[in-house]
Every structure is written in structure tokens, then in C-alpha cells.
Amino acid sequence: MIDQFRDWEKNRHAYAKAWKEKTGGKVTGYFCSYVPEEILYAANILPVRILGSHEPQDVTEAHIFGMYCPFCRDCLAQGLKGKYDYLDGLLIAQSCLHIRQAYTSWIKHVPVDFSYYLPFPNNVQSPRAVTYLAGEIKAFKTAIEKWTGKEITDQDIRDGIKIMNENRNLIHRLYEYKKKENPPVSGEETMEVAISQQLVDKKEHSEALHKLLGSINSVPDGKNNGTRLMILGSENDDIPFIRMVESVKGTIVIDDHCIGTRYFWNNVHENNGDLITSIAERYINRPACPSKDWIIRTRIKHILQLAHDYRVKGAIVIQQKFCDPHELDIPAISRALNAAGIKTLFLEFDVTVPVGQFKIRVEAFLEMLQEEDIF
Amino acid sequence: MKIPNYKTAPLKCWNKAKEIRDDFYKNYAVAHEKGGLRWSGGAWSFGAIPAGLGDDVFPLTGEPYGASIAFNKQFSIRCMEATEKKGFARDLCSYMRNYWGSVILDEYIDGGKFPKPDFMWQDHICCSHAKWYQVASDLEGGIPTCCIDVAVGPYTEVNENRLNYITGQMHDGIEWLEKITGRKYNDDKLIEAVYNECRATSLWAEICTLNKAIPAPLDEKSMYSLYVLGTLEKHSKKVADFYEELLDEVKYRVENQIAAIKNERCRVMSDTQPPWGFLKVFRYLETFGAVSIGSLYTFGLIGMWEDKEDGSWGPRTTPQQKGIKIKDRDHALKVLADWNLSKPEWQHFYSPHLKSEMMLRIAKEWKLNGIMLHYNRGCEGLSLGIAENRLALIDAGFPVMTFEGNMGDEREFDEAKTSSRMDSFMETLGFSVINE
Amino acid sequence: MISIGIDAGAKFIKAIVLKDEKIVAKGQILAGFEGKENVEKIYNRVMNEAGISPGDVNSVTSTGSGRKMVDFATNSVTDVTAAAKGALSLFPGVRTVIDVGAEEGRSIRCDNNGKIIDYAVNEKCAAGAGAFTESMARALEMSLEEFGSLSLKSEKEIPMNAQCAVFAESEVVSLLHAKTPKADIAKAVNDAVASRITSMVRKVGFEKEIALIGGVAYNVGFVKSIETDLKDKIIIPEYPEYVSAYGAALLIK
């Protein structure tokens, strides 16, 4: 059922190269889920999220000091090793400091034709943020036009918004099924869909999602009937970890990750006046990355709502080692979850995780959650 | 090679610097006794803005406060442990953890209970800056907090939209200050504070420029005690006046070849905040006849710089020197935002390569033999891109030594290992300990 | 002309006696808690072996993390200088010296004249040093020699986190639980530690020829991992653990 998505996720580079061959278009890599892809789709550019490979590497020590997160080092390693040699451009939207280093080292040591740093506002709670971001998106659009030599019309932008909105709507529908007693898709399968969402042409991804949603009702009940869990925290595309959790009778029904719900949760208003401002509003109002969640902690309310809607029994809180933004949120979020009666298990992620050790902890956590049913 | 033997003398205005610093912590603590206000926020925040609330408004700046705690190792350890007990990670900013620890323990560095601020006034430069006071407010049971985002890209790329984003937040901030304090805002006081800040920070850059001289009139360890005043209250008349006085004294030292260290034969610079509990490593360096003339950190956190006509790097010309008369609030905020965005220590947040250029400039103009980079586990903001800086300096032919440590958490600094690295570094530069 | 080099390392103290730059005696002793006493013990032992008395010695150069314990030394140099001097004197074509001891690993790059251009030392975590491999060998209940040669028997590539010794250790435990063959585990550990070292080598940059010195060079599996990673042949001196002491002995003062 999800073979297509899994294939995309596993063979992401082959896909992007084939796409380029087929369409003759440009491919740009991007760091961070705050890049307004609507503009790229408007310009017929394929955006692919830069991710790590979860393999130990020894090429980044010269470029990034070891106290920064393993994810940013893993991403940079892919660039230095030439895994993304097909990229025409590289983009970043400003969020945390860690990932920024992968970008700045990459463009210096593995130059690409076009690179762009979008100074995305961090004070998304300020009434000034939308106007400011709209100005930045306009400048970004102009830079893209200059690069491709082709004007991006309002109609193009409308098309870009439609492509993105449709894809977000479809994955939302998939997530709706995860509210069911025995969800037809596992956490692992959902993650394959969510990762590939940021790797392939959204039009193709939407087609595949249509198919998936069309066949989903025929899935027999009882497949994913483990303890309902939420997973939240830093960037996470660690499929073997999710598989391990589900192999010991946990079922991940909802997440708060930038690969996952934070990425697709809200849409751009299609009929709300100025298109660029509408895009800016969408990104300002989306579920926040902790690096932008101040002074009010909006994430707590959002996460508790998710936990309630998806009826979770426990939450696995993961953090990329050294991820400061999440380290600054985790104590408050864990406290809020615990106060709402949702127990938490904290795990620190690295490029590879010690699955065996984590398995023991996850099993113990699940036992603890199940005990409450027994007594 | 003959070992030089320069005249040396202690700084005359040393005690005055100490006095200003002591007053700062005291004034904050006793502000309420005289009906005044207390605010807490970062050393980088736009302190000139709350100055418009009156002359009886006293700040406590978090970074120097965290550094002062680090200096007091016993207290620091207790602060760290208190913070860890609350569930915070050990690898977070160590200034922040010291500050939180002081709040949690309810102990002030000067003795007594931690004086609770009336409001928090911060700006967001790194991932931790806004969150620092978000957590501090949680710990204090809720304190009105305002934070201005300044992350609009490097100074060379500032445009109207970017500047407006910052000044817009500043205008909102002033309305917020009026609302939470119930005071009427005084634009004249704001304008005066902006002038003071420009004067103080340009003067500090001018003082650092004098360190191009051989022998260097100042060594970095002493500079820490002087530049810190700018991190406390860069917008105050007191600090600006002090830097005028210091400038005269340093000029005198240059003219009369009064050296910071008597055997100066090797000039280095450091980078990022030092491990505050172990400043003696600088004294160790001196046994080789090596002086650290400063760093981009000591020069460019408080100092404001520009390209001079002769191509050298020097103090930024102030609005008052240019004959600019600040007309009103909006004008003052624009000047303040523009001035701060040119801060050298802000540029590397967008690209380490911008920082490498400035470091190379210092290495050449201040005539350095080598560079010591502190890979500072305590500050993700200033260690950002440091490995790229290393590569660029080596590429340009400058010998580089790195040492790992932490500005505020002494558990992460290995003194013996650092000295042994210094030994190797000095050995490769061709210097050995001077035996007298 | 008699010169002695003493390398007071974290685990062993090594001493070497040169007569007109030729090795006439060498020996090592566990550093233990009585470092200073042991320095004297080994000093006397190598003099005995060489058939000389203190009066015959023209120069004693100390090096190593414990070099300050050698209070009778006439000269003292850092590990970096001693390692480079020793390796380049043995093999003049060497430009990159990798030195892996019990608690520290370092990589040194030299120019054609033997001058040090750049070097790096591993940061705090001990995953990139000999002591870690040793404890992993203990976890697999075998000697370091067995560990090394067993690792050569594996072709498997099991990714293991080398960023953190604690994480790596728990991964080893997981592999043991999963009944992974010991040869594969040994290779995974050697690959991981080697990657930590090569990461440092890449930090300073490397040029041919490359020499590996320090006790870890006896671990043949580790050497193979380094060679595979750097895609180059590595020179191993006959007595890799004595190279720094030898270099020190050559630095007469």
C-alpha cells in the first residue's frame, strides 16, 4: 500500500535525478520546513528537503564543531560526499543556528548555481511578522525570477499554492484515519509518506496519496492495535526507531515533528487578497518550531490538543543530541503532558540510535502504560 | 632573538571600572527602595529604549551576570546543579544556566535574595535568547516579557523592509513598556541614550584600534574587565564618559611605549568568550612572551566598526560626529537599529565567512603570529561556524590552535590539557618559556 | 654522545637510549599511581640495559602528558613535536603522523622540512582513543590482539556511532544481545574508532606518506579500517609505541 512512498524515500536521489531528466527542470535542495515552497512550485522548480543518511561519517569535523546537532552534521556530510551532486540550487529559511551551519559550509565547499538565505522572522508572534515575511518572500520570488530568467505570474503563484494545499489536504485526510481505534496505517508507514512528501514532486505525491486513500478502507482492522503513542521533538526521520517501537506493541498515531504535522498542518488561504501575504500568513501561523515559539508557548496548547484528538496514552519525546531549541521546550512540554495525565519517555537521538538499548526503555514505558489498564 | 623588555604599568582607571561595575549590580538590587524599576534582559538588547522610562530604571544584563557567576566557581556549580534538577540539559548556554540557577536558588551574586525584575526586555540573536527569559519568567511565576527579533540578515544587506521589522517591534515595545509600567514614555531620554550608546561603542572600538601598536598597550585579560561595562549599560552616560577617559590613558600608553606585558614578542588573538573561571591561562601565555591583543569578541561585541578611508578597520563614525540631529522617537529607533545591526559580532550568525574576513583583517592589521580559537561548548551562538573560521585562517597562512572549553561551566574545561596545547602551539611558533 | 628520551604517557612510560643516534636500549613501565617513581624506575632500567650510568648521559628529553614528572630532564617537548620528530626521522617521506595512544589521538601534518603545519587532538570524548577499543575488547572477552585479528575476518559494515563512547558501548551491548558474530562487532568497533581518527586527520588535511604510531598500531583490524577509510597505505614503524620517546631522544639540549 505504501510501497511507492517507501521507494521514493529509499531512492530519493534516483528520483530527483530522473525527475530532472524527464522534465528538464531545476532541482533545489532546502534546509528547514519554513521554506515557502509555493514560490518554487510556481516556478516549476522541484524542492527537495535535505536530510541525513543515518550513517556514521568522518567528513564534517573540519566544518562543524562537535557540539552542534548530529542532524546538521549528517546533512552536511551528504553534501560533502557528493550525494546531492544533481542540485541546481540550495535554500534555507532561517530557523535554528545548527542547521544554518550545514548550509553555510555547503555553499562554500560544494558550490551550487543558486543559493539563497531567507531571513525568516523568529518573532512570529509579533504583529509585524507577516508584513516583514511578505517582503522577504517577494525578494525571494524576484531572486528566483532572476535565476530562471522567467517571470512568476500571479497565476503561477496560485498554481503553486494549489499544489501545496492539495498535498497538505490529502495527508491531513490520511492522518484523520489515524484517529480510528485501529488505524489502517502504522506510524512507520505514515512516516514513509511524510518523508517522501518533502522529497518528491507534490503532484505525483498527491496522486499516490489519492490512491492510498482510495484503498485504505479495505484494510482489515486490528493491524495497528498497540498502545496509542504520540512522538514529538526534534527533526526525526528515523524509520528503524519507529519500526522498533511498533514491533513491541506501541502504535504511533500522531506526531509533532517538522517531518510530519508541523510541516503540513495548515494551508494558504486561496481567496484572501494579496497572494504573497497569504503565503506569509500560512508560514507565520503554522505550528511553531521551538526556535520560534516565544514569548507565549503556543506549542503546549497545540500538542495537548493533538494528544486529546488522537487519544494518546503516552508520548515519546525525542531530541537530537545538542538541539538547543528543543532542550528549551522539553521540560515545559513534558510537564504539561504529565499534568494532563500523559506519561512521557525521553530519548536522545544521534545519527544512529542504539536500538537495543532503546527497545528496553520503550518496552518498560509501554509496560508502565499498560499497567494502568490492569489496575 | 633578543627578548624585549618593555616598560609596563597598571591602568590608572582600573578602580573606576570596578566601581562602575559594582554600582551596576547594587543599583539594580536597591532600585525598588527609591521607587525605581528593575528590568532584566540581555547585554545585546536595546537597553536605550527602557531608558526612556526615567533615570531610576536599572537593568541586570544576563550574560555578564552569568559570567560573574562563572567566576565564582562554588556558586556556579550550585546554580548548574539547581538548573539540571529542574530538567534542563547540561549542554545549554552556560550563562543562561547560571542565571536560571541564581533565580531557582533565589540567591543574588552580591548576596541576599535574587531581586525579581519588574519586566524582561530582551532581543533575540541566537536560539536561546528569547527562550532564556521565557523560562526565567516561568521560574519566577510569570513576569511581563518582551523580546525583539533582530535576525534580518547581515548588515550589508539591510533594506527598508528589514529595518522596519525591527523598528516596528521597537515601537510596539515602547507602547508595551508604558502599559506594563504605567509610566509616560520620555522620547528625549531615549534620544539621549541613543547618543550615549553610539558614543560609548564607537569609543570602545577606537580603544581597541590602539592595540595595533607594538607593544600592545592592553592585553585581552584586562580588556575583559573594561569592555564589560559596555555589556552592562552601553547606553549610559557614565560608561561613555569612562571610555573617553580610558581612551586618553591608552593613547598615553601607546605614545610612551607602556606595554601590557613586558616581554611581548608574540601576538595572538582569541575567539569567543573565554572560560571565565580560568583566565589564568592568559597569564600562562605571558610566560612565553605572548600577548593576546583581543579578539573579534572583545572588539566587536560592544565596539562598532567601519572601513576607514585609508583602508583600515576603525571606530564607526557616530551620528553626532556626522552632525545628525535625532528628531523624534521614530528617528531615534531607526538610528539605534541601524547602529546595532552593524555590530561585528552579529554578522557571523548569517555566515561564518563574514566573520573569517573580519578575523583575517584583525590578524593582519594587529600583526598577529597566531590565533587561539576557544571552541566554547557554553555558547552555541558565538561558536557558530568556528570550524569554518579555523579553515579560513589556516588557508590564509595563520597558525591556529584550538582548545575546547566552556565559558561558564567549569566542569567542561581541562586546564592541564589546555596548557599543554598552549605548549605545543608556542613550540610550533618557535617560542619557549622565558626563564628569568 | 648518549641521549635519552622519556615519553610519560597516560598509561605507559616509555624510555629509549640513543648512542650517537642509534638505539641501544628501550623499555616501558605502567604509569600507575606512582608516576614519578616509575619514571625513575624505567630510567634506571634502560640505563642498566645500555650499560651506562647517569654520568654518561648527555641529554634527557621528556615528552608525553606526564612529562613534568621527569624533573631531571634537560629538555622537554610536547607530544606533537616528539611524535613528528620521531616519525620523520624513521621515515623521511612521512608528511602525516597519526598518533593514537590510550587516552588521546592526534593527527599532525608536516611540510617537506619536517616543520609542523597543523595538528589536531581529539576533543573530550574518548571514543577516538585506545582505551575505548581496549574496553570493547574486554566486553567481548578477548585480548586486544585477538580483537584486532578477529576483526579482519569480517566483511560486514555495521554502522556504529563513534561520536560518543557511551552510545557506542551501548550499541556493542545491543549487538551482543542480537547474537551478532564477534568478528563483525570487532570490525564495527574498529571502523567506528578509525572514523573518529580519520575525521581528525581530515580536519588537518593529509598528505602522503602517512605513519601511524602509538600502541593502538598493534591492532591490525584498526590499521585496516584506517587504510580503507583513507584509501591509502599506512606506514607502521617496528615499535610504534616508542616513536615519541625516540623523537624526544633526538631533540638534544
List the relative contact order of segment B:1-60 as a percent without decimals, with contacts defined as Cα pairs under 8 Å and 6+ residues apart.
34 percent
Under a cut-off of 24 Å between alpha-carbon atoms, report the lysines in cross-link reach of A:Lys162, not counting same-chain residues fewer than 8 places apart.
A:Lys20, A:Lys22, A:Lys26, A:Lys138, A:Lys141, A:Lys146, A:Lys150, A:Lys202, A:Lys203, A:Lys211
Per residue accessible area in Å² of segment A:7-124, where ligands, DNA and RNA are left out and the probe is 1.4 Å:
27 Å²
DSSP beta bridges in chain B: the antiparallel percent, rounded to 5, is 10 percent
Distance cut-off 19 Å, Cα to Cα: go down the list B:Lys16/B:Lys237; B:Lys280/B:Lys417; C:Lys14/C:Lys36; B:Lys16/B:Lys234; A:Lys17/A:Lys81; B:Lys221/B:Lys343 and report the pairs above it.
B:Lys221/B:Lys343
Any chance you could check segment A:125-153 for residues losing 50 Å² or more of accessible area when the partner protein chains are in, compared with the chain on its own (1.4 Å probe)?
A:Arg128, A:Tyr132
Could you work out the mean projected area of the convex hull around the alpha carbons of chain C, in square nanometres to one decimal?
13.0 nm²
What aspartates and glutamates does B:Lys367 reach when the alpha-carbon gap must be under 14 Å and sequence neighbours fewer than 8 apart in one chain are set aside?
B:Glu264
Nonlocal amide H pairs with A:Val353, under 5 Å, H built at 1.01 Å
none
Buried accessible surface, B vs A, both sides, probe 1.4 Å, in Å² to 100, equals 3900 Å²
In square angstrom and rounded to 100, what buried accessible area do you get between chains C and A, total over both, with the probe at 1.4 Å?
1500 Å²
Quick one: with all protein chains in place, what share of the accessible area of the protein assembly as shown is carbon or sulfur, to the nearest percent (1.4 Å probe)?
51 percent
Sequence-separation-based contact order of chain B, relative, with Cα cut under 8 Å and 6+ spacing, percent:
19 percent
Among residues of segment A:302-325, a drop of 10 Å² or more in 1.4 Å probe accessible area, assembly relative to the chain on its own, occurs for A:Lys321, A:Phe322, A:Asp324, A:Pro325
Anything losing 10 Å² or more of accessible area from the isolated chain to the full protein assembly: pick those residues out of segment B:323-357, probe 1.4 Å, ligands and DNA/RNA ignored.
B:Phe349, B:Tyr350, B:Pro352, B:His353
Dipole of the protein assembly as shown, Cα-centred, from +1 at each Lys and Arg C-beta and -1 at each Asp and Glu C-beta, to the nearest 20 debye?
520 debye
Calculated from DSSP helices alone, with each H run of at least 4 adding -39500 (n - 2.57) and the total divided by the residues of chain C, [θ]222 nm to the nearest 500 comes to -12500 deg cm²/dmol
Assign unit charges at the C-beta atoms only (+1 for Lys and Arg, -1 for Asp and Glu), then state the dipole size of segment A:75-183 relative to its Cα centre in Debye, rounded to the nearest 20.
400 debye
Value at 222 nm in deg cm²/dmol, rounded to 500, when DSSP H runs of n ≥ 4 in chain B each add -39,500 (n - 2.57)
-15000 deg cm²/dmol
Using a 1.4 Å probe and counting only protein heavy atoms, how much accessible surface gets buried when B and C come together, both sides summed, in Å² to the nearest 100?
1500 Å²
Only Cα pairs within less than 10 Å get springs; with that Gaussian network setup on chain B, which residue of B:Thr61, B:Thr272, B:Thr156 has the largest fluctuation?
B:Thr156
When a/c is below 1.5 the answer is rounded, else prolate if a/b is larger than b/c, else oblate, so apply that to the protein assembly as shown with a ≥ b ≥ c taken from the square roots of the Cα gyration tensor eigenvalues.
oblate
Most fluctuating residue of C:Ser149, C:Ser62, C:Ser107 in a GNM of chain C with Cα springs under 10 Å: which is it?
C:Ser149
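The values are calculated or read from the model by the stated rules, or taken from the named source; none is laboratory data. Everything quoted here is computed from the prediction, not taken from an experiment. Every residue, glycine as well, gets a Cβ built from its backbone with ideal geometry; the counts of neighbours run over all protein chains shown. Side chains are part of the model used for accessible areas, which takes the heavy atoms of the whole protein and leaves out ligands, DNA and RNA. Shrake-Rupley method; radii C 1.70, N 1.55, O 1.52, S 1.80 Å.
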